[in-house]
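Presented below is the structure to which this report refers.
The values are calculated or read from the model by the stated rules, or taken from the named source; none is laboratory data. All values reported here derive from a predicted model rather than from experimental measurement. Note: ideal-geometry Cβ built from the backbone for every residue, glycine included; neighbour counts use all protein chains shown.
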Amino acid sequence: MTNTLEASIHIDASPAAVWSVVSDLKRMGEWSPQCRMMRVFGGEVRQGTKTFNVNKKGLLVWPTSSKVTRFEPNEAIAWRVVENHTIWTYELTPTENGTTLTERREAPTGTTKISSFLVDKMMGGTAGFEQDMIKGMNTTLARIKSEVESKAPAAR
């Protein structure tokens, strides 16, 4: 399994405008084709916030939980999934005419045995799963871009 999967997109909006969408984890189900719901516990999202998530791929549905491990307004948000030890990050980089948004999935210590087993036996194996993950990241980023650009004034 690849330790890091990543995708990026340019958004014609300020980092603050992008941040207002990306940091609203309750809306993740609107953007992600796999993470269908994130329920946020404890009010406003911040470092240490816990979530309950529902994921779906085809007929498979599975719950996960996570904890926000990085919260830097207008710069980055990250959370660690308890069940498989992966870390999901959204990083915002200001550009001359907007923001580059990067989505990253890291498994710095690998994933859990049960996660690896399920990917292998239920999700078509690691190579296909990782291709689906990259495709999903690009879909998520395109949906976020569309949402932000439809509401925010151009960054120019």
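The set of residues from segment 61-111 being among the aliphatic types (A, V, I, L, M) and either in a strand (DSSP E or B) or modelled with pLDDT of 90 or more (or both) comprises Val61, Val68, Ala76, Ile77, Ala78, Val81, Val82, Ile87, Leu92, Leu101. The C-beta contact set for segment 1-20 (first residue more than 17 Å from Ser150 (Cβ to Cβ), second residue assigned to a loop (DSSP other than H, G, I, E, B) and modelled with pLDDT under 95, distance under 6 angstrom, 6+ apart or interchain) comprises Asn3/Ala107.
Scanning segment 6-52 for residues that are touching a helix residue (DSSP H, G or I) at 6+ places or on another chain (Cβ under 7 Å), more than 26 Å from Glu96 (Cα to Cα) and part of a strand (DSSP E or B) returns Cys35, Arg36, Met37, Met38, Val40, Thr51. In this structure, Pro94 does satisfy being in contact with a Pro (Cβ under 8 Å, 6 or more places away or on another chain) and either of a type in the set (Gly, Ala, Ser) or in contact (Cβ under 8 Å) with a residue 24 or more places away in the chain (or both). Looking for something farther than 15 Å from Arg104 by Cα, aromatic (Phe, Trp, Tyr), surrounded by fewer than 14 Cβ atoms within 10 Å (Cβ to Cβ) and more than 15 Å from the chain's Cα centre (by Cα) - is there at least one such residue anywhere in segment 22-41? Yes, some residue in segment 22-41 is farther than 15 Å from Arg104 by Cα, aromatic (Phe, Trp, Tyr), surrounded by fewer than 14 Cβ atoms within 10 Å (Cβ to Cβ) and more than 15 Å from the chain's Cα centre (by Cα). The residue that is surrounded by the most Cβ atoms within 10 Å (Cβ to Cβ), among those in segment 1-21 that are in contact with a Leu (Cβ under 8 Å, 6 or more places away or on another chain) and small (Gly, Ala, Ser), is Ala7. Kindly check whether there is at least one residue in segment 56-69 that is closer than 22 Å to Ala142 by Cα and of a type in the set (Gly, Ala, Ser). Yes, segment 56-69 contains at least one residue that is closer than 22 Å to Ala142 by Cα and of a type in the set (Gly, Ala, Ser).
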